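I have placed the structure first, in the form of structure tokens, so that the comments after it can refer back to it.
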Amino acid sequence: MKFDTPAGRNPIDQLKVVGRPHDRIDGKLKTTGTAPYAYEQHDVVANQAYGYIVGAAIAKGRINAIDLAEAKAAPGVIAIVTADNAGKLIKGDFNTAMLLGGPEIQHYHQTVALVVAETFEQARAAAHLVRVDYARGKGRFDLAAELKVAPLTGGDSGEGSKAPPVDRVGDFEGAFASAPVTLDARYTTPDHSHAMMEPHASLAVWEGDKLTLWTSNQMIAWGKGDVAKTLGIPKDKVRLISPYIGGGFGGKLFVRTDAIMAALGAKAAGRPVKVTLQRPLMINNTTHRPATMQRIRIGATKAGKITAIAHESGSGDLPGGGPETAVSQTKLMYAGANRLTSMRLAVLDLPEGNAMRAPGEAPGLMALEIAMDEMAEKLGMDPVAFRIANDTQVDPEKPARRFSQRQLIKCLEMGADKFGWSARSATPGTRREGQWLIGLGVAAGFRNNLLMKSAARVGVDRKGIVTVTTDMTDIGTGSYTIIAQTAAEMMGVTLDQVVVKLGDSDSPASAGSGGQWGANNSTAGVYAACVKLRDLIAQKLGYNAADVAFADGKVGSGNRSIALGEAVGDAGLTVEDAIEYGDLGKKYQQSTFAGHFVEVAVNAYTGETRIRRMLAVCAAGRILNPKSARSQVIGAMTMGAGAALMEELAVDKRFGFFVNHDLASYEVPVHADIPHQEVIFLDEVDPISSPMKAKGVGELGLCGVGAAIANAIYNATGVRVRDYPITLDKHLDKLPVMT
Amino acid sequence: MKPFTYQRAKTPAEAATAAARTPNAKFIAGGTNLLDLMKLQIEAPAHLIDVNALKLDKIEDSNDGGLRIGALVTNTNLAADARVRRDYGVLSRAIVAGASGQLRNKATTAGNLLQRTRCPYFYDTNQPCNKRQPGTGCSAIGGYSRQLAVIGTSDACIATYPGDMAVALRLLDATVQTVNPEGVARTIPIADFHRLPGNTPHIDTVLQRGELITAVTLPKPLGGTHIYRKVRDRASYAFALVSVAAVVQPDGTGRVAVGGIAPKPWRVEAADADLPRGAKAVTAKLLAGARPTEDNAFKVTLVERTLGAVLAEAKG
Amino acid sequence: MSDSGEFEVSRRGLLGAGAASVAVTAVPVGAAAQAPAPVPATTKLGFVVNGKRRTLQVDTRTTLLDALRENLQLTGTKKGCDHGQCGACTVLVDGVRINSCLSLAVMHEGDKITTIEGLGQPDKLHPMQAAFIKHDGYQCGYCTPGQICSAVAVLGEIKAGVPSHVTADLTARPTASNDEMRERMSGNICRCGAYSNILEAMTDVAETVA
């Protein structure tokens, strides 16, 4: 189905099933531990052996020699894979560094060997007997130092965030120089780790020249292609199966070492091998969100109208990598005639930087939305009012291009009302409860909506059971449930009459899970297949396709009505279709918006920050399932709390690695950090987005929330911190003196 | 994890003898730190002696009006004991400030005393570390040291003792009771139990080979207000940046010990006398001679401010 | 730190970093001199898992977590970190919650283990499992079994009067307040960020039970 004109009324608009807060259909499996993840496929094949990964001990250099003698002789060892015996491997399209290093080492903890043994304990013990002699090379590990010589570089997150090396509209310098009120401030965000709870894991099985991988991967079709490319085998010889994924956040968008090493290990061992990347290796072995150093300049009239805005960002990556596109949202967020964005990319020999939830916008808004708060203060304006005054309904760089929907003002106004924003003291550092300084903060959230082709197969059997098959993944997003809701709505059945089969590369290729594009596109693909199936059924029955109704398990037209199962007959009917998009994404700017409101308490003695309240008001098109969508938003707000308050990969600039590479030392929020969270979805449908009239919310909840926390801290303390995370040491000595 | 043999000991004497007789043997009780380190081969015992059946899991009143805490009393049970909650509140508070509910259910009194540093370079076997591999150098010095010690360090090691319970025990002048393989018992004041690194940072405590902790004893209660204030980046399940244990009497006198800043629970008895004069005076004595790094210099300020918070709380 | 001392040690660190060739193994330097490693020791183990008597021959190195997941193929208990840093492996041993990753299987001779599969099954949910579904207290589902085991135990610990870091009065009985439950659940990390919903599920169960 080609979607090239705005959607009219369609069966989804009935909202009998779609748009309702149904419990997840996979809930009973997940809550009873009976949903099998990649490493848990005991039933699919016998005789599974265990692989254990050895990571490089240096960040850059070469392997002089590897001594495997002791490891090979260790009890239970079946095979050891290194670059010496793995055969030729080709870097995948989505990888920057090789997934098996040697002799060249590109980053710390890059895989250098896989030890396969009869048991996990034996593989782990033998892995410690692999002796590697390295020649350490000189590496570049200091972002600030390397940015001084870094070239201007454009980039595209691949997730809807992109910018050229330099982008100019009007005359920024002139307008900034003549603006009566200006801000020129620098902000930094550190490297972040996805830290999903399920480590990367795969089980590899070879049958002749055909490889099947049970793996934990967000993007099945990309993964299939890159596994084939890396191993140098035809794509049709690779199958990926990924029914349950224990979190991804971008860390499982691409094939990682577990999959490739499991495949190589299984080949070497001549039997199935499963591999999980051990937690202490995850942070340096896999990808991370790169650190940024940003400069923002804003010029405005005394009345608070922005006349000049510039956002420049620098980040680093391995040779061949790309920039963190932190300036992207600034091209679209606020009005202003004179604009400048630019990005620099330094070469660093740290582990590979890549997409993490809301790449670009997450760190970009952490800076921009502090800058807006600072500017509001300079203008003597309320920060909500300042944002509203600079709203735009058109792309500020291309004014002929309108937003398909843009309800940012309503998000902010409703949020201010519901949150009790009027209670905020405009003078920071003035509200106190015992030892605690109290502050309120606001920030706007912004994230683009991406349109991606997505296919599905939908069938009905003689019992009237609807089965949807697609390679779409559910990484906790609720895909199983919203796909079932879509099919139920379209085919006129109840949710329990729908079976959803996900995550198998033998199924039609979906949009996959990334860039908050999964929900809208994958359900639109199911919609397309359902439309085709409805037409086919109507045709089979001789009904007029224009007035056929699918409801209550029946197909009806005029006075005629027949049970759905009966309509398809004993053989059932199955069709496949895809949603494909025309140029509505070009004609209109499609984005999602949020207003984030936060209340914090900062201890006046110790500087510790504790979040007391959080509210997000979101405008993101039709909400397919308010329950699972709300969970997406609160989860993202939680990740934003981590980014604001504690998350930072500490770089050892001498040895070139992230030092705090486990879950004890890379702190992410725990229960005690997160208060009750409120989410309000504005009533919005966006017919320009898709037949579902939905957009994504999974990343919107993260966008801006970090700055809202930062602004609340400033409101509490009067001390502005521009260097994330805002740990107590950054403001401790500037807090009010205690008596 | 290297292969090891395993035995269950039935008496303290049997455990200590087995430890002396078997090369490279270790006791295991809760195992929450030992197994963590064994998986990384930072610890690699050839033989484990399970001491959980030694019946050292009682908390008893002692003759001098204090308490005798069996070595195997779990953190949870110690923190929840009615006498501890009533008379040694700072100990209860320190314990529940540490780790998680699950870990406290397994971790024992003796094992908690013996937990090793959380220095990230100690935990990364690719990196030089004098505590892990004597003579290889300290990669924390000049590296990432935000969590590490500011006082009591040496040029060989700046690792921090990570625990909370021991900070309260140090405040309370607890003693550690042990038995050696010859069956000889000894009493070690908690102040002497943990070592400063000097040139031998790989030796954490004064325990001798095969010496088994049997109990920790507390002198009679101090009265006063008991406070344990732990400061960390996230609100729970994190090691201290700084923690302050204090018992403050109604007249403003008392005592104070600090965690998160030194290779052992940090207390300077002479500083206690300055408590009525306030946090600044106490901190000056507590941290005299501190040698912070650029990353952890804030801890000096943080000790003073946290102590200020504690004294304000004590005043009510 | 004195200037000379800092310089000395820093130099030592940099020397390591600048060395042309470094041999790195994970084996401690002193270890090579020790006696050769014994062959893997295995031992017979009997315990009760979810009400069923089980007997296993296990490697002494096998954790309770791996014994459950690999030997018994009870994969509801998850391995998130294997180092006691996440709580995904939480199970109940004789009713007490622990991290099964930091406990050797051989140390559980005769114990009664309850895993998520023992709390309830899809057709017969435990009230806490049902509450998690109702309040959407999970997303990816990987930390969920550990969260649920912990949540059940936390309500028991509060009832038993075990104090926590946020208990205001150590001598009074704690209550199942939001603050108390959040603090006690903090050993179970959920990166999807379902915390707010998990607390609603627990509150629901706590109120029903109370």
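Would you be able to say whether some residue in segment B:150-160 is crowded, with 21+ Cβ neighbours inside 10 Å and more than 14 Å from chain C (Cβ to nearest Cβ)?
yes
I'd like the full set of residues that are open to solvent by 20 Å² or more (accessible area, probe 1.4 Å) and either of a type in the set (A, V, I, L, M) or more than 13 Å from B:Phe4 (Cβ to Cβ) (or both), limited to segment B:16-38.
Going through segment B:16-38, the residues open to solvent by 20 Å² or more (accessible area, probe 1.4 Å) turn out to be B:17, B:20-27, B:32-34.
Once the filter is applied, which keeps residues that are open to solvent by 20 Å² or more (accessible area, probe 1.4 Å) and either of a type in the set (A, V, I, L, M) or more than 13 Å from B:Phe4 (Cβ to Cβ) (or both), segment B:16-38 yields B:Thr17, B:Ala20, B:Arg21, B:Ala25, B:Thr32, B:Asn33, B:Leu34.
Can A:Lys2 be described as facing another protein chain (nearest Cβ under 8 Å) and open to solvent by 60 Å² or more (accessible area, probe 1.4 Å)? Working first, answer last.
Working: facing another protein chain (nearest Cβ under 8 Å): no; open to solvent by 60 Å² or more (accessible area, probe 1.4 Å): yes.
Criteria not met by A:Lys2.
C:Gly46 passes all but one of (1) more than 14 Å from chain A (Cβ to nearest Cβ); (2) in a loop (DSSP other than H, G, I, E, B); (3) touching an Asp or Glu at 6+ places or on another chain (Cβ under 7 Å); which number fails?
(2)
B:Asn33 fails exactly one of the following numbered conditions: (1) under 23 Å from A:Ala126 (Cα atoms); (2) in contact with a helix residue (DSSP H, G or I) (Cβ under 6 Å, 6 or more places away or on another chain). What is the number of that condition?
Evaluating B:Asn33 over (1) under 23 Å from A:Ala126 (Cα atoms); (2) in contact with a helix residue (DSSP H, G or I) (Cβ under 6 Å, 6 or more places away or on another chain) leaves (2) as the failure.
Which one of these does C:Gly110 not meet: (1) at the interface with chain B (Cβ under 10 Å from one of its Cβ atoms); (2) touching a Phe, Trp or Tyr at 6+ places or on another chain (Cβ under 7 Å); (3) touching a residue at least 24 places away in the same chain (Cβ under 8 Å); (4) in a loop (DSSP other than H, G, I, E, B)?
Of everything listed in (1) at the interface with chain B (Cβ under 10 Å from one of its Cβ atoms); (2) touching a Phe, Trp or Tyr at 6+ places or on another chain (Cβ under 7 Å); (3) touching a residue at least 24 places away in the same chain (Cβ under 8 Å); (4) in a loop (DSSP other than H, G, I, E, B), C:Gly110 misses just condition (1).
The conditions are (1) touching a residue at least 60 places away in the same chain (Cβ under 8 Å); (2) touching a Lys or Arg at 6+ places or on another chain (Cβ under 9 Å); (3) open to solvent by less than 30 Å² (accessible area, probe 1.4 Å), and A:Glu576 fails exactly one of them. Which is it?
With (1) touching a residue at least 60 places away in the same chain (Cβ under 8 Å); (2) touching a Lys or Arg at 6+ places or on another chain (Cβ under 9 Å); (3) open to solvent by less than 30 Å² (accessible area, probe 1.4 Å) applied to A:Glu576, the lone miss is (3).
Report, by residue number, each residue of segment A:553-572 that is open to solvent by 30 Å² or more (accessible area, probe 1.4 Å) and either out of contact with any helix residue (DSSP H, G or I) (no Cβ under 7 Å at 6 or more places or on another chain) or not charged (D, E, K, R) (or both). First the steps, then the outcome.
Quick first cut of segment A:553-572, residues open to solvent by 30 Å² or more (accessible area, probe 1.4 Å) only: A:554, A:558-563, A:566, A:570-571.
A:Gly558, A:Asn559, A:Arg560, A:Ser561, A:Ile562, A:Ala563, A:Glu566, A:Asp570, A:Ala571 - these are the residues of segment A:553-572 that are open to solvent by 30 Å² or more (accessible area, probe 1.4 Å) and either out of contact with any helix residue (DSSP H, G or I) (no Cβ under 7 Å at 6 or more places or on another chain) or not charged (D, E, K, R) (or both).
Tell me, yes or no, whether segment C:100-113 has at least one residue that is surrounded by fewer than 24 Cβ atoms within 10 Å (Cβ to Cβ) and more than 21 Å from the chain's Cα centre (by Cα).
Among the residues of segment C:100-113, not one is surrounded by fewer than 24 Cβ atoms within 10 Å (Cβ to Cβ) and more than 21 Å from the chain's Cα centre (by Cα), which makes the answer no.
Condition test on C:Gly95, is it open to solvent by 30 Å² or more (accessible area, probe 1.4 Å), modelled with pLDDT of 95 or more, more than 12 Å from chain A (Cβ to nearest Cβ) and closer than 21 Å to B:Leu35 by Cβ? Before you say what the answer is, go through the steps one by one.
Numbers: open to solvent by 30 Å² or more (accessible area, probe 1.4 Å): yes; modelled with pLDDT of 95 or more: yes; more than 12 Å from chain A (Cβ to nearest Cβ): yes; closer than 21 Å to B:Leu35 by Cβ: no.
For C:Gly95, the condition - open to solvent by 30 Å² or more (accessible area, probe 1.4 Å), modelled with pLDDT of 95 or more, more than 12 Å from chain A (Cβ to nearest Cβ) and closer than 21 Å to B:Leu35 by Cβ - is not met.
Suppose we filter C:Gly156, C:Gly193 for residues that are surrounded by 24 or more Cβ atoms within 10 Å (Cβ to Cβ) and either within 16 Å of the chain's Cα centre (by Cα) or not aliphatic (A, V, I, L, M) (or both); which single one remains? So that I can check it myself, show each step before the final result.
Values: C:Gly156 fails: surrounded by 24 or more Cβ atoms within 10 Å (Cβ to Cβ).
So the residue among C:Gly156, C:Gly193 that is surrounded by 24 or more Cβ atoms within 10 Å (Cβ to Cβ) and either within 16 Å of the chain's Cα centre (by Cα) or not aliphatic (A, V, I, L, M) (or both) is C:Gly193.
Looking at segment A:188-245, which of its residues are within 13 Å of another protein chain (Cβ to nearest Cβ) and either surrounded by fewer than 19 Cβ atoms within 10 Å (Cβ to Cβ) or free of Cβ contacts under 8 Å to residues at least 60 places away in the same chain (or both)?
A:Met196, A:Met197
Let's see how each residue does on (1) part of a helix (DSSP H, G or I); (2) open to solvent by less than 10 Å² (accessible area, probe 1.4 Å); (3) at pLDDT 95 or above:
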position: C:Ala130; (1), (2), (3): yes, no, yes
position: C:Gln139; (1), (2), (3): no, yes, yes
position: C:Gly146; (1), (2), (3): yes, yes, yes
position: C:Pro163; (1), (2), (3): no, yes, yes
position: C:Val166; (1), (2), (3): no, no, yes
position: C:Arg182; (1), (2), (3): yes, no, yes
position: C:Asn188; (1), (2), (3): no, yes, yes
position: C:Asn197; (1), (2), (3): yes, yes, yes
position: C:Val205; (1), (2), (3): yes, no, yes
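Of everything in segment B:269-284 that's surrounded by 18 or more Cβ atoms within 10 Å (Cβ to Cβ) and free of Cβ contacts under 8 Å to residues at least 24 places away in the same chain, which residue is farthest from B:Arg195 (Cα to Cα)?
We begin by selecting, within segment B:269-284, every residue surrounded by 18 or more Cβ atoms within 10 Å (Cβ to Cβ); these are B:271-272, B:274-275, B:279, B:282-283.
Filter once more, keeping what is free of Cβ contacts under 8 Å to residues at least 24 places away in the same chain: B:271-272, B:274.
Details: B:Ala271: 20, B:Asp272: 22, B:Asp274: 26 Å.
So the residue we want is B:Asp274.
If you scan segment C:168-180, which residues turn out to be of a type in the set (S, T, N, Q) and either over 27 Å from A:Ser628 (Cβ atoms) or part of a loop (DSSP other than H, G, I, E, B) (or both)? Please lay out each step first, then the result.
Start the filter on segment C:168-180 by keeping residues that are of a type in the set (S, T, N, Q), which leaves C:171, C:175, C:177-178.
Within segment C:168-180, C:Thr171, C:Thr175, C:Ser177 qualify.
Can you spot a residue in segment B:105-114 that is surrounded by fewer than 23 Cβ atoms within 10 Å (Cβ to Cβ) and either assigned to a loop (DSSP other than H, G, I, E, B) or free of Cβ contacts under 8 Å to residues at least 24 places away in the same chain (or both)?
Yes.
Give the number of residues within segment C:43-78 that are of a type in the set (Val, Ile, Thr) and either in contact with a Pro (Cβ under 9 Å, 6 or more places away or on another chain) or on the phi > 0 side of the Ramachandran plot (or both).
Keep residues of segment C:43-78 that are of a type in the set (Val, Ile, Thr), which gives C:43, C:48-49, C:55, C:58, C:60, C:62-63, C:75, C:77.
Cutting the leftovers down to either in contact with a Pro (Cβ under 9 Å, 6 or more places away or on another chain) or on the phi > 0 side of the Ramachandran plot (or both) gives us C:60, C:75, C:77.
Final tally of qualifying residues: 3.
Only one of B:Ala53, B:Ala140, B:Ala82 is touching a Leu at 6+ places or on another chain (Cβ under 6 Å) and without any contact (Cβ under 8 Å) to a residue 60 or more places away in the chain; which?
Numbers: B:Ala53 fails: touching a Leu at 6+ places or on another chain (Cβ under 6 Å); B:Ala82 fails: touching a Leu at 6+ places or on another chain (Cβ under 6 Å).
Among B:Ala53, B:Ala140, B:Ala82, only B:Ala140 is touching a Leu at 6+ places or on another chain (Cβ under 6 Å) and without any contact (Cβ under 8 Å) to a residue 60 or more places away in the chain.
Please work out which residue is most open to solvent (accessible area, probe 1.4 Å), limiting yourself to segment A:102-156 and to residues that are more than 22 Å from A:Ala86 (Cα to Cα) and in a strand (DSSP E or B).
Top of the filtered list is A:Asp156.
B:Gly135 versus (1) surrounded by 24 or more Cβ atoms within 10 Å (Cβ to Cβ); (2) among the small types (Gly, Ala, Ser); (3) more than 15 Å from the chain's Cα centre (by Cα): which is the lone unmet condition?
(1) is the only condition that B:Gly135 fails.
List the pairs whose first member sits in segment A:689-708 and is closer than 18 Å to C:Ala194 by Cα, whose second member is of a type in the set (S, T, N, Q) and not in a loop (DSSP other than H, G, I, E, B), and whose Cβ atoms are under 6 Å apart, counting only residues at least 6 apart or on separate chains?
A:Val697/A:Gln632; A:Gly698/A:Gln632; A:Leu700/A:Thr592
Identify the residue in segment A:534-552 that is in a helix (DSSP H, G or I) and without any contact (Cβ under 8 Å) to a residue 12 or more places away in the chain and, among all such residues, is surrounded by the most Cβ atoms within 10 Å (Cβ to Cβ).
Taking the candidates together, the pick is A:Asp535.
Scan segment A:27-54 for residues that are more than 10 Å from chain C (Cβ to nearest Cβ) and in contact with a Ser or Thr (Cβ under 7 Å, 6 or more places away or on another chain) and jot them down.
The initial filter retains those residues of segment A:27-54 that are more than 10 Å from chain C (Cβ to nearest Cβ), namely A:38, A:44-47, A:49, A:51-53.
Listed by number, the residues that qualify are A:Ala38, A:Ile53.
Pull up segment C:156-210, narrow it to residues that are at the interface with chain B (Cβ under 8 Å from one of its Cβ atoms) and in contact with an Asp or Glu (Cβ under 6 Å, 6 or more places away or on another chain), then point me to the one that is farthest from A:Asp673 (Cα to Cα).
Ranking the qualifying residues of segment C:156-210, first place goes to C:Ser164.
Only one residue in B:Leu287, B:Leu307, B:Leu207, B:Leu311 is open to solvent by less than 20 Å² (accessible area, probe 1.4 Å) and away from chain C (no Cβ under 14 Å). Which one?
Working: B:Leu287 fails: away from chain C (no Cβ under 14 Å); B:Leu207 fails: open to solvent by less than 20 Å² (accessible area, probe 1.4 Å); B:Leu311 fails: open to solvent by less than 20 Å² (accessible area, probe 1.4 Å).
Going through B:Leu287, B:Leu307, B:Leu207, B:Leu311 in turn, just one is open to solvent by less than 20 Å² (accessible area, probe 1.4 Å) and away from chain C (no Cβ under 14 Å): B:Leu307.
The values are calculated or read from the model by the stated rules, or taken from the named source; none is laboratory data. Only a predicted model underlies this, so the values are computations on that prediction, with no experimental measurement involved. Neighbour counts run over all protein chains shown; Cβ positions are idealised from the backbone, glycine included. Note: areas computed on protein heavy atoms with side chains; ligands, DNA, RNA excluded. Shrake-Rupley method; radii C 1.70, N 1.55, O 1.52, S 1.80 Å.
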